[in-house]
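Below is one structure, written out as structure tokens, with a few remarks after it.
The values are calculated or read from the model by the stated rules, or taken from the named source; none is laboratory data. None of these values were measured; they are calculated from a predicted model. Glycine gets a Cβ as well: all are built from the backbone with ideal geometry, and neighbour counts include every protein chain shown.
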Amino acid sequence: MMKTVWSSIVVVALLAAGCGRSSATEQAKVGAASAESAQKNVVAITSVEQFDQYVAEGLVLVDFWATWCPPCRFMNPIIAEVAGEQTDSLKVAKVDVDNNNELAARYKVEAIPTFVLFKDGKAIDLKVGAFSKQKLLEWLDKNRG
């Protein structure tokens, strides 16, 4: 009798775990699809020349980051979402510091993620670390004027 009870408990636990994973997998797929769509509004900078051209006009948010950095990865979907929502008033670029040492040095990036906001080619503000979407929007709004 006890063996049957334990077998039932194990089966129920496995089913519950499987359902949880399936649901999380589906949620991850939906999240990835929307992030991929928003990511199209983010330019990956690969050279100093491309960077200088990209930040020359308008309001530009530059994300100095690295693939191995957990706070950077935390910020990726937030940055992509904001880029997708503000296509008419904000350009967004990502600079991988491992592949663009010269740009990281130019802007004295000592920790990542570092966000530099440019207006018509000039750096106007800087923010370091991970933060919420709301904090990002507040920071952008503060610097629009």
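Name the residue, out of PHE64, PHE51, that is crowded, with 19+ Cβ neighbours inside 10 Å and in a strand (DSSP E or B). Working first, answer last.
Details: PHE51 fails: in a strand (DSSP E or B).
Just a single option satisfies the conditions, and that option is PHE64.
Among residues of region 89-105 being of a type outside the set (A, V, I, L, M, F, W, C) and assigned to a strand (DSSP E or B), the one that is nearest to PHE118 (Cα to Cα) is LYS91. So, VAL109, is that one in the same structural domain as GLY129 (by TED's automatic domain parsing), among the hydrophobic types (A, V, I, L, M, F, W, C) and within 14 Å of LEU137 (Cα to Cα) or not? Judged against the criteria, VAL109 is not a match. Being assigned by TED's automatic domain parsing to the domain that holds TRP65, small (Gly, Ala, Ser) and farther than 16 Å from ILE45 by Cβ is the requirement here; does ALA93 meet it? No, not satisfied. Restricting attention to region 85-99, the residues that are at pLDDT 95 or above and either on the phi > 0 side of the Ramachandran plot or not acidic (Asp, Glu) (or both) add up to 8.
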